[in-house]
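The values are calculated or read from the model by the stated rules, or taken from the named source; none is laboratory data. Quick caveat: nothing in here was measured; it's all calculated off a predicted structure. Please note: Cβ atoms are built from the backbone with ideal geometry, for glycine as well, and neighbour counts cover all protein chains shown.
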Amino acid sequence: MESTAQIIRILAVSGSLRRVSSNTALLQAAIALSPPNIDIRLYSGLGNLPHFNPDLEPADPPAVSDLRRQMAWSDGLLISSPEYAHGVPGSLKNMLDWLVSGEEFVGKPIALFNASPRAVHAQASLIEVVTTMAGQLVPEASIAVALLGRQLDAAAIAADPEISGQVKAAIAAFAAAIGQLPPRSSPRA
């Protein structure tokens, strides 16, 4: 019997630019733990985006055009972000600012992963920003995982029964929520 399951496409964004980041490792583990019908791709252009300037929008810089294409490709957005000075890192906020005026973000299902349960200010800030931008936050797919100080890479996170169970459950909840939403009208790239 032929499978009729549609592939769910998720764009994963780490709010950290660090080479070794627990937030990036958490997203890489999510990619490794995803079932075959879920395609999670890690966005790698965060550090390449120019500072947000609305005057540049009519003819987006190439890095912004790439971001918009990847957002349009995805059915949902998964963000994992550190907290800096009780807030969201400037590079992540800059990315979100570039998406404010486009239609790629509107109605997009959003899941928030957090690699440090004590990073409550950044999480609250992200919730405020993405809901203000008309993203559809999926609370049952948003998790806080205690990775702080554990020095776990993606493979170790995926191998940890407790953490991998949390991640798998969140991915399943996110996919279920995406599958229940009406199709979005934005074009796919």
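Below are the figures for this structure:
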quantity	calculated
Some residue of segment 142-149 being modelled with pLDDT of 95 or more and assigned to a helix (DSSP H, G or I)	no
Enumeration of residues in segment 100-125 that are over 20 Å from Gln70 (Cα atoms), in contact with a Leu (Cβ under 6 Å, 6 or more places away or on another chain) and either aliphatic (A, V, I, L, M) or at pLDDT 95 or above (or both)	Ala115
Residues (assigned to a loop (DSSP other than H, G, I, E, B) and surrounded by 15 or more Cβ atoms within 10 Å (Cβ to Cβ)) located in segment 30-42	Ser34
Odd one out for Gly87 among (1) without any contact (Cβ under 8 Å) to a residue 40 or more places away in the chain; (2) surrounded by 22 or more Cβ atoms within 10 Å (Cβ to Cβ)	(2)
Members of segment 116-143 found to be of a type in the set (A, V, I, L, M, F, W, C) and under 13 Å from the mean Cα position of the chain (by Cα), listed by number	Leu126, Ile127, Val130, Leu137, Val138, Ala141, Ile143
Count of segment 61-84 residues which are surrounded by fewer than 17 Cβ atoms within 10 Å (Cβ to Cβ) and free of Cβ contacts under 8 Å to residues at least 24 places away in the same chain	4
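A quick yes/no check of all residues on (1) part of a loop (DSSP other than H, G, I, E, B); (2) among the hydroxyl-bearing types (Ser, Thr, Tyr); (3) at pLDDT 95 or above; (4) within 16 Å of the chain's Cα centre (by Cα):
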| position | (1), (2), (3), (4) |
| --- | --- |
| Leu11 | no, no, yes, yes |
| Arg19 | yes, no, no, no |
| Ser44 | yes, yes, yes, yes |
| Leu56 | no, no, no, no |
| Ala63 | no, no, yes, no |
| Arg69 | no, no, yes, yes |
| Pro82 | yes, no, no, yes |
